[in-house]
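Each value in this text was obtained by applying a stated rule to the coordinates, not by laboratory testing. Since we're looking at a predicted model, the values are computed, not measured. As a convention, Cβ positions derive from the backbone with ideal geometry for all residues, glycine included, and neighbour counts pool all protein chains shown.
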C-alpha cells in the first residue's frame with residue numbers, strides 16, 4: 001500500500017470509527033446516568049465511598065457493554081454511507097439500555113417477593129449496589145448486562161435481515177431463560193438464589209451465577225455465529241444440544257472434582273461464601289462452554 005492508501009484507510013475507517021465509538025460512549029453514558037442511575041452520585045460512590053460494588057456495576061453495566069457494542073457496530077470496513085455505522089451504533093446503545101432496564105425492573109419485582117419484612121420493600125438493585133455496597137448484587141447486575149449484550153449484538157437493522165435477526169434473538173432469549181430457571185430450581189433444593197444475593201449478601205453466589213450465565217451466553221452466541229445459512233429449527237436444536245451437553249459435563253466434572261478433593265463445592269459457595277471456590281466453578285463453566293463450541297463447529 002502507498003501513502004495515499006494508508007491515509008485513505010485512516011480517514012475512512014480509523015478516524016470515523018473512533019468518532020462513532022466516542023458518540024456511542026457519550027450517548028451510552030447519558031442514558032445510563034439518566035435511566036439507570038437517576039439521582040445516584042456515581043463519582044461519590046466510586047471515589048469518595050470507595051464502593052467496590054459500584055465499580056463492578058459501573059464496569060460491567062456501562063463500560064463493557066458500551067464499548068463492546070460500539071465495536072460490533074464498526075466491525076469490518078466502513079459502510080459506503082458512513083452514517084449507517086453511526087445509526088447502528090446508536091441503535092445498539094439504545095436497545096441495550098432498553099433491554100437492560102426491562103431486566104432490572106423485572107428483577108426488582110422478583111426481589112421484592114423475597115424482601116424480609118423489616119426492610120419495607122427497600123430492596124432494589126440501585127439501593128443494594130450504591131447504598132448497601134452489596135458486591136453480589138453488583139455481580140447480578142453485570143449478569144443482566146451480559147444477557148442484554150447477547151440479545152442486542154444479533155439485531156440487524158437492515159430491512160432484509162431484521163426478521164432473521166429477531167429469530168436469532170428469540171432463540172437466545174428462550175434458552176437463556178430456560179437455563180436460568182434450571183439453575184434456580186437446582187439451587188432451590190437447598191437455598192434460593194435471590195436470597196443468597198440480596199438478603200445474605202453472598203458475593204460467591206453472585207460470582208457463580210455470573211459465570212454460569214457467561215458460559216451459557218458463550219455457547220448460545222457462538223452457535224448463532226456458526227450458522228452459514230440461517231435455519232431457525234437447526235438453531236433451536238443445536239442450542240438445546242449444546243446446553244444439554246453443558247449441564248451433563250458440568251455435573252460430571254464437578255462430581256469428579258469433589259470426589260478428588262473431598263470437598264462440598266455447594267457448601268463452600270453458599271454456606272462458607274468462598275469466593276475462590278465460586279471463581280473455580282466459573283472457570284469450569286467457561287472451560288466446558290469453550291469445549292462445546294469447538295465440538296459444535
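Here are a few things to note about the model shown:
- Compared with the dominant principal axis of the Cα atoms in the chain, helix 232-261 is inclined by about 40°.
- Sorted from greatest to least, the principal axis extents spanned by the alpha carbons of the chain come out as 64, 47, 35 Å.
- Degrees, to the nearest 10: 162-188 long Cα axis against longest axis of the chain: 10 degrees
- For the range 159-297, convex hull volume per residue from C-alpha positions, Å³: 108 Å³
- Calculated mean residue ellipticity at 222 nm for the chain: -22500 deg cm²/dmol, from DSSP H runs with n ≥ 4 weighted as -39500 (n - 2.57), summed, divided by the residue count and rounded to 500.
- Debye log10 I(q)/I(0) at q = 0.17, 0.21, 0.25 Å⁻¹ for the range 220-297, Cα point scatterers: -0.72, -0.91, -1.12
- GNM flexibility winner over the chain from 90, 56, 40 (Cα, springs under 10 Å): 40
- At R0 = 30 Å, FRET efficiency that the Cβ-Cβ distance of residue 241 and residue 105 yields, to 0.05: 0.35
- When 141, 184 are arranged by Cβ crowding within 10 Å, least crowded first, meaning fewest neighbours, the order is 184, 141.
- Highest GNM mean-square fluctuation among 261, 193, 236, for the chain modelled with Cα contacts below 10 Å: 261.
- Rounded to 10°, Cα long-axis angle of helix 82-113 versus longest principal axis of the chain: 20 degrees
- Candidates 143, 221, 192: whichever shows maximal mean-square fluctuation once the chain is modelled as a Gaussian network with Cα springs under 10 Å: 192
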